[in-house]
Structure formats: C-alpha cells, structure tokens
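One structure is given here, and the rest of the page talks about it.
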Amino acid sequence: MRTRNVVVRELTLKLTEPDDLFVPRAPHLASGTPSLPSGIDQIRDELDSHPPRTQVDAVILLPRERFKPDLELGMRHAVDQYCDAGIRRADNELRLLRREGLRGLVIGLIVFAVFTGLSSFVVQSDSPQDVKTFFGEGLFLVVAWVGLWFPIDTLLYSGRPYRREKDVLRAIRGMRIDVRPADY
C-alpha cells in the first residue's frame, strides 16, 4: 500500500503471550516451533531493512485465551516507552561522539600543523633528496593526515548508526498497532 510517498507495510506477528512482544520466544521442540526473536526485534528488523519512508503497521495476533480488549493500549504504552528510552540512548551516544570528535579534532589539528610544518621544513632543507622525499613528501604528510582521520571519521560517519536507530525507533513509535484474537 502507498500513501503520499510513504510505503505502508503490514507486519503480522503471531505471539503466544503478550509479553512475547519484548521477550524472545523459547523453542518448543515437541510442536516443531523454533526459538523466535521478540516481536519488537522482528519489527525493528523489518524497518531496518527498508528505506526510511517505509511505514510498518503491526498486526499482533494472540490466542483467544490470551487476548484482552485493553491489551492494545498497554502494548502501545510499552512500545512508546521502549522507543523513548532508545531515542534517549541514541541521543546520548551522538553527544558523546560529537564531544569525542571535537576533542580529537583539536589534537588532530595540532598533529596536522606540526607534521605539515616538519614536512615543509624537511623539503626546504639541504638534506639529501632521499630524506626529503621519504620524510618531507611522504611520512610527515601521511602522519599529518592520519592525525585528522579519527576526528573527521567520528564527526562525519560514526553517528550514522545512531541516527538510523533514531529513525527506526521514531517509525516504530508512529506505527499503528492492532491486536487481534486468533486461533492457531
């Protein structure tokens, strides 16, 4: 189904207990049932494997004897709390990465300045050409750029998984949850 550039996918979860939404299901070998990840992990996997504009609506099927009309509200509340905690955790990690990246950038800029200065000094010196090439045009420039590598990588790329995590959690928070009784 498609609405306004958002693809809506319906994910049906067959749970044996309401708590299976957050607790992995143990195997039941007598009936041939393998262990299964928790319902929320199944939802996360579904959202994580699709583009950010994919919306997943969850249909949770429970055995009739486990179904209660007010269960949907409790599940919605638990999912919201789960998402809020995950978003806070991702925000904390992003702040930590930003702080580490900026600290590393200060050190990296010092390393860069020192080693490009050394490189320039060696290239302009009366040293033999092999020394100028190895140190001035090679080693010192490599060390200078390596000094910036960590902070640049940290500031530009390391936060990507946490931003994706927040996107997935926001999508879960915004999904429709429909709990239905089922016989199976």
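The values are calculated or read from the model by the stated rules, or taken from the named source; none is laboratory data. Remember, it's a predicted structure, so these values are computed and weren't measured experimentally. So basically every Cβ, Gly included, is an ideal-geometry build from the backbone, and we count neighbours across all protein chains shown.
Suppose we keep only residues that are charged (D, E, K, R) and without any contact (Cβ under 8 Å) to a residue 60 or more places away in the chain within region 42-65. Which one would you say is farthest from Val7 (Cα to Cα)? Residue satisfying both the conditions and the ranking: Glu65. May I ask you to verify whether Val23 is of a type outside the set (Phe, Trp, Tyr), part of a loop (DSSP other than H, G, I, E, B), more than 30 Å from Trp145 (Cβ to Cβ) and touching a residue at least 12 places away in the same chain (Cβ under 8 Å)? Spelling it out, Val23 is indeed of a type outside the set (Phe, Trp, Tyr), part of a loop (DSSP other than H, G, I, E, B), more than 30 Å from Trp145 (Cβ to Cβ) and touching a residue at least 12 places away in the same chain (Cβ under 8 Å). Among the residues making up region 107-134, a single one is touching a residue at least 40 places away in the same chain (Cβ under 8 Å) and either of a type in the set (Val, Ile, Thr) or not assigned by TED's automatic domain parsing to the domain that holds Trp149 (or both): Ile107.
I'm checking my understanding of the structure. Among residues of region 30-39 that are surrounded by fewer than 17 Cβ atoms within 10 Å (Cβ to Cβ) and not polar (S, T, N, Q), which one is nearest to Leu61 (Cα to Cα)? The extreme case among them is Pro37.
Would you be able to say whether some residue in region 156-165 is of a type in the set (A, V, I, L, M), under 18 Å from the mean Cα position of the chain (by Cα), crowded, with 16+ Cβ neighbours inside 10 Å and more than 20 Å from Ala113 (Cα to Cα)?
Restricting attention to region 156-165, the residues satisfying the condition of being of a type in the set (A, V, I, L, M) are 156.
Among the residues that remain, those that are also under 18 Å from the mean Cα position of the chain (by Cα) are: 156.
Subset that is crowded, with 16+ Cβ neighbours inside 10 Å: none.
Within region 156-165 (the criterion being of a type in the set (A, V, I, L, M), under 18 Å from the mean Cα position of the chain (by Cα), crowded, with 16+ Cβ neighbours inside 10 Å and more than 20 Å from Ala113 (Cα to Cα)), the answer is no, since none of the residues qualifies.
Residue check: Ile107 meets all listed conditions (1) surrounded by fewer than 14 Cβ atoms within 10 Å (Cβ to Cβ); (2) within 23 Å of the chain's Cα centre (by Cα) but one, namely (2). Among the conditions (1) of a type in the set (Gly, Ala, Ser); (2) within 30 Å of Glu72 (Cβ to Cβ); (3) surrounded by 14 or more Cβ atoms within 10 Å (Cβ to Cβ), the only one that Ser119 does not satisfy is (2).
Scanning region 40-77 for residues that are among the acidic types (Asp, Glu), surrounded by fewer than 13 Cβ atoms within 10 Å (Cβ to Cβ) and not in a helix (DSSP H, G or I) yields one hit, Asp70.
From Glu137, Glu100, Glu72, which residue is under 30 Å from Arg44 (Cβ atoms) and not assigned by TED's automatic domain parsing to the domain that holds Val56? Full working, then the answer.
Values: Glu137 fails: under 30 Å from Arg44 (Cβ atoms); Glu72 fails: not assigned by TED's automatic domain parsing to the domain that holds Val56.
After applying the criteria, what remains is Glu100.
Quick one: count up the residues across region 94-106 that are under 16 Å from Glu165 (Cβ atoms) and in contact (Cβ under 8 Å) with a residue 24 or more places away in the chain. Can you show your working first?
Pass one, region 94-106, residues under 16 Å from Glu165 (Cβ atoms): 94-98.
When the remaining residues are screened for being in contact (Cβ under 8 Å) with a residue 24 or more places away in the chain, the result is 94, 97-98.
Number satisfying all stated conditions: 3.
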